[in-house]
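J.: Before I ask anything, let me first share the structure, which is written out below as structure tokens.
The values are calculated or read from the model by the stated rules, or taken from the named source; none is laboratory data. The structure displayed is predicted, hence computed values, not measured ones. Because the Cβ atoms are built from the backbone with ideal geometry, glycine has one as well, and the counts that use them run over all protein chains shown. Areas reflect the complete protein model, heavy atoms only, side chains present, ligands, DNA and RNA absent. Shrake-Rupley method; radii C 1.70, N 1.55, O 1.52, S 1.80 Å.
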Amino acid sequence: MNTIDYTTIDPSKGAPAREPERQYYFIAKAKEYLKKQSQEAGRPLTFCVTTFGCQMNARDSEKLSGILEQIGYVEEPDEEKADFVIYNTCTVRENANQRVYGRLGQLNRVKKKNPHMMIGLCGCMMQEPEVVEKLKKSYRFVDLIFGTHNIFKFAELIVTRMESKRMVIDIWKDTDKIVEDLPSERKYSFKSGVNIMFGCNNFCSYCIVPYVRGRERSRNPEDIIREIRRLVDDGVVEVMLLGQNVNSYGKTLEHPMSFAQLLMEIEKIEGLERIRFMTSHPKDLSDELIEVMRTSKKICRHLHLPVQSGSSRILEKMNRRYTKEHYLELVEKIRAAVPDISLTTDIIVGFPGETEEDFLETMDVVRKVRYDSAFTFIYSKRTGTPAAVMEDQVPADVVKDRFDRLLKEVQHISSEVCSIYTDTIQEVLVETVNDHDSFLMTGRMSNNLLVHFPGDESLVGRIVPVELKECKGFYYIGELVRES
Ligand code: SAH
Ligand code: SF4
Ligand code: F3S
């Protein structure tokens, strides 16, 4: 959490032009407005940020929460009770969008009963012009709409809304800007996501992310290291380095640097215990990175390596720029270097033109690689992407049948793969008290598998040895090994 000395900011003066100073000025200004509002209401006003989509969005939401807390809003986990509700949206698949519209209708009913209520929408969906048109027309009760490129302006936009009492919309098409040093409020005290790059230049033909997140830009390594050092000083032991394609980190920097080199620098940070990253694109996974993973003491034994399809023909249509054979060779190379690595993946079923033979190639990859787990998705047509206008869209019933067969295979394999650690002792980072049983603690092994074991809350944030007693398919029941 960054701190700022508010006594040096005079909100009655003009706003500074430079970032992040400008936003700290608006935080101070919003704080004054909010104070008045809470006096009127006779209670503190609350906020709830609801996150859809990936880890990028989760990290963005922590920044939104950080700004809201600095303004003086108090967090309220139940969105129907909160005075300021923000939806940080995702549009990677159509069903993500539908959920947002459905829940907005519900929120409107709540808003009618609460005169202090504001609704803000941001994230990837807002970068689609049709979405904003629809909101402007049929969802007039929304107060604030902004996109993925100007999230740093949140405080400024809140002030604009508080002063105008009208719907405020601010969407940027793209940006080359990275604003550092804004507040953020972490969900966990002991682990944190850290953006290392933004955007994506890969244009996989099915994917909307490059259109809504803009061109790829890497943060300067010094800024990343400085952020992680601060996090470690604040109690963080595990970081998740975030980017749509971390393997191409640094290529566009003034002084280019590879992802493997960045990892070596991060490894040196004292007090940091675990390093994770996502997502790796197979086409850019270098031998240098494999070597760094092999020798590292801190990089976790887990690699998420989305394959998307096992058919080289479909991979070409997807613009993934690797073949089935290349992918399998890569897996072999990684396993030879890091034998205990856990591999996970993403798979799309029903890409346009996918035949039964293509699908069987995907099943073949799943059987050959034997993933620890796999996220399986039904292809979703995204307007504006090349795949949306491809011929031979696969009929829904055929896709459903393939999806079910794939899921069954993936689950069967992963339950076998996961059980191999039974009766071993593993280092576990303790995360929370178990949701269902308060006598159990829940933690994560280096390979990302969950472990539940009897313990107490004082263990949260610590890395402890746990003996794995029983595998329950996707998680373990274990026992804390007491130091003698
Ligand atoms: N940058 C990451 C993926 C981000 S999106 C990567 O390249 O691996 C997360 C996953 O959503 C993708 O891996 C893909 O499997 C899935 N996905 C993306 N677009 C999709 C679409 N149009 N339909 C179905 N699944 C999709
Ligand atoms: Fe989408 Fe491909 Fe970029 Fe991943 S690499 S975000 S799948 S375009
Ligand atoms: Fe969704 Fe945007 Fe992430 S579209 S998957 S939230 S980058």
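J.: How many times 2.2 N^0.38 Å is the alpha carbon radius of gyration of the chain?
T.: Numbers: Rg = 23.5 Å, N = 484, 2.2 N^0.38 = 23.0 Å.
Cα Rg divided by the expected 2.2 N^0.38 Å: 1.02.
J.: Considering the alpha-carbon set of segment 188-293 alone, what are its Rg and its Dmax in angstrom?
T.: In Å, with Rg to one decimal and Dmax whole: 13.8, 42.
J.: Oh, and also: For n ≥ 4 DSSP H runs only, could you compute -39500 (n - 2.57) per run for the chain, divide by its residues and tell me the 222 nm figure to the nearest 500?
T.: On the way: 13 runs with 172 residues, N = 484.
Calculated mean residue ellipticity at 222 nm is -11500 deg cm²/dmol.
J.: Quick one: accessible area per residue over the chain, 1.4 Å probe, rounded to a whole number of Å²? If you can, show how the numbers build up before the last one.
T.: On the way: 22120 Å² over 484 residues.
With the other protein chains kept in place, the chain gives 46 Å² per residue.
J.: About the Cα centre of segment 401-454, what is the dipole size in debye to 20, counting +1 per Lys and Arg Cβ and -1 per Asp and Glu Cβ, all else neutral?
T.: Numbers: 4 positive and 9 negative charges, 30 e Å.
Value, rounded to 20: 140 debye.
J.: So what are the ³J(HN,Hα) numbers for segment 148-164, from phi and the Karplus equation (6.51, -1.76, 1.60; θ = phi - 60°), rounded to whole Hz, Gly and Pro as x?
T.: 7, 8, 10, 4, 4, 8, 3, 4, 4, 5, 4, 4, 4, 5, 5, 7, 9
J.: Per 10 Å bin, what is the whole-percent P(r) computed from every C-alpha pair distance within segment 191-378?
T.: Per 10 Å bin, starting at zero, the Cα-Cα P(r) for segment 191-378 comes out as 9, 35, 35, 17, 4, 0 percent.
J.: Calculate how steeply helix 221-233 sits against the longest principal axis of the alpha-carbon atoms of the chain, using the helix alpha-carbon long axis, and give the answer as 0 to 90 degrees to the nearest 10.
T.: Helix 221-233 and the main axis of the chain meet at about 80 degrees.
J.: Too long at a 27 Å Cα-Cα cut-off: which of LYS35/LYS137; LYS298/LYS333; LYS173/LYS298; LYS187/LYS324; LYS324/LYS469?
T.: On the way: LYS35/LYS137 32 Å; LYS298/LYS333 20 Å; LYS173/LYS298 38 Å; LYS187/LYS324 38 Å; LYS324/LYS469 37 Å.
Violating the 27 Å limit, Cα to Cα: LYS35/LYS137; LYS173/LYS298; LYS187/LYS324; LYS324/LYS469.
J.: Can I get the semi-axes of segment 424-480's equivalent ellipsoid? Compute them from the C-alpha gyration tensor as square roots of 5 times the eigenvalues, in angstrom, largest first.
T.: Values: eigenvalues 44, 31, 19 Å².
For segment 424-480, the semi-axes come out at 15, 13, 10 Å.
J.: Moving to a separate point now. For MET56, MET278, give the ranking by accessible area with the largest first, probe 1.4 Å.
T.: On the way: MET56 15, MET278 40 Å².
From most accessible down to least: MET278, MET56.
J.: Which whole-number percentage describes the relative contact order of segment 424-480, with Cα contacts under 8 Å and a sequence gap of 6 or more? Mind showing how you got there, number by number?
T.: Details: 133 pairs, mean separation 20.1, N = 57.
Normalised by residue count, the contact order of segment 424-480 is 35 percent.
J.: Follow-up. Once phi is turned into ³J(HN,Hα) by the Karplus curve 6.51 cos²θ - 1.76 cosθ + 1.60 with θ = phi - 60°, what whole-Hz value does each residue of segment 402-409 show in order, with x for glycine and proline?
T.: Each residue's phi maps through the Karplus curve to give 5, 4, 5, 5, 5, 4, 4, 5 Hz.
J.: Also, quick follow-up: Compute and list, largest first, the equivalent-ellipsoid semi-axes of segment 6-170 from the alpha carbon gyration tensor, each √(5λ) rounded to a whole angstrom. Kindly include the intermediate steps, with their values, before the conclusion.
T.: Working: eigenvalues 125, 69, 41 Å².
In descending order, the three semi-axes are 25, 19, 14 Å.
J.: Show SER458, SER164 ordered by accessible area, largest first, where the area counts protein heavy atoms only and the probe is 1.4 Å. Please report the intermediate quantities before stating the final value.
T.: Numbers: SER458 80, SER164 50 Å².
Output order, biggest surface exposure first: SER458, SER164.
J.: Straight-line reach from LYS112: which lysines fall under 16 Å, measuring Cα to Cα and dropping same-chain residues less than 8 apart?
T.: The qualifying lysines are LYS81, LYS165.
J.: Considering only PHE152, PRO115, TYR371, whose Cα is most displaced toward the positive end of the charge dipole of the chain, charges sitting on Cβ of Lys, Arg (+1) and Asp, Glu (-1)?
T.: The residue sitting most towards the positive pole is PRO115.
J.: Once the whole set of protein chains is in place, how much accessible area is left on ILE224, using a 1.4 Å probe, in Å² to the nearest 10?
T.: ILE224 has an accessible surface of roughly 0 Å² with all protein chains in place.
J.: Expressed as a rounded percentage, what relative contact order does segment 4-116 have, with Cα pairs under 8 Å and six or more residues apart? Before the final figure, lay out the partial values.
T.: On the way: 120 pairs, mean separation 27.8, N = 113.
Reported relative contact order: 25 percent.
J.: Let me ask something else about it. Mind listing the phi-derived Karplus ³J(HN,Hα) values for segment 312-329, rounded to whole Hz, using 6.51, -1.76 and 1.60 with θ = phi - 60°, and x for any glycine or proline?
T.: Once rounded to whole Hz, the list reads 4, 5, 5, 4, 5, 5, 7, 6, 8, 6, 8, 10, 4, 5, 4, 4, 5, 5.
J.: At 1.4 Å probe size, with no ligands or nucleic acids counted, give the accessible surface of VAL237 in Å², nearest ten.
T.: Solvent-accessible area, nearest 10 Å²: 20 Å².
J.: Roughly how many Å is it from the Cα centre of segment 375-403 to that of segment 127-146, as a whole number?
T.: Here the two parts' Cα centres lie 27 Å apart.
J.: Another question, if that's okay. Give me the compactness ratio for segment 165-211, meaning the Cα radius of gyration over 2.2 N^0.38 Å.
T.: For segment 165-211, the normalised Cα radius of gyration comes out at 1.63.
J.: Set the bar at 32 Å for Cα to Cα. Now go through LYS63/LYS111; LYS297/LYS381; LYS317/LYS472 and name every pair that lies beyond it. Mind dumping the intermediate values first?
T.: Working: LYS63/LYS111 24 Å; LYS297/LYS381 42 Å; LYS317/LYS472 38 Å.
Where the Cα-Cα span goes over 32 Å, the pairs concerned are LYS297/LYS381; LYS317/LYS472.
J.: Report, by chain and number, residues whose modeled amide H sits under 5 Å from the one on ILE378, excluding near sequence neighbours (fewer than 5 apart, same chain).
T.: Under 5 Å from the amide H of ILE378 lie the amide H atoms of VAL349, each far enough along the sequence or on another chain.
J.: Let me check something: with ligands and nucleic acids excluded, how do ARG213, ARG109, ARG405, ARG444 order by accessible area (1.4 Å probe), largest to smallest? Don't skip to the end; give the middle numbers.
T.: Values: ARG213 20, ARG109 135, ARG405 80, ARG444 55 Å².
The ranking, largest first, comes out as ARG109, ARG405, ARG444, ARG213.
J.: On to the next question. Strictly greater than 16 Å: what percent of every Cα pair in segment 301-341 meets that?
T.: Numbers: 303 of 820 pairs.
Result for the distance tail: 37 percent.
J.: Mind pulling the angle between the C-alpha long axis of helix 94-113 and the longest principal axis of the chain? Nearest 10 degrees, somewhere in 0 to 90.
T.: Helix 94-113 and the main axis of the chain meet at about 30 degrees.
J.: Per the Kirkwood formula on distinct C-alpha pairs, the Rh of segment 349-462 is how many angstrom? Walk me through the numbers before you get to the answer.
T.: Values: mean 1/r = 0.0583 Å⁻¹.
Radius from the Kirkwood sum: 17.1 Å.
J.: Okay, moving on. VAL481's amide H: which non-local residues (gap 5+, or another chain) put their own amide H closer than 5 Å, with H modeled 1.01 Å from N in plane and none for Pro or chain starts?
T.: VAL466, GLU467
J.: Could you pull the accessible area for LYS111 with a 1.4 Å probe, rounded to 10 Å²?
T.: Its accessible surface works out to 40 Å², give or take rounding.
J.: Same structure again: List the residues, sorted by chain then number, that are 5 or more residues from GLU75 or on another chain and whose placed amide H is less than 5 Å from its amide H.
T.: PHE47
J.: Just to confirm my numbers, what's the Cα centroid distance between segment 101-120 and segment 302-352 in Å?
T.: Result: 43 Å between the Cα centres.
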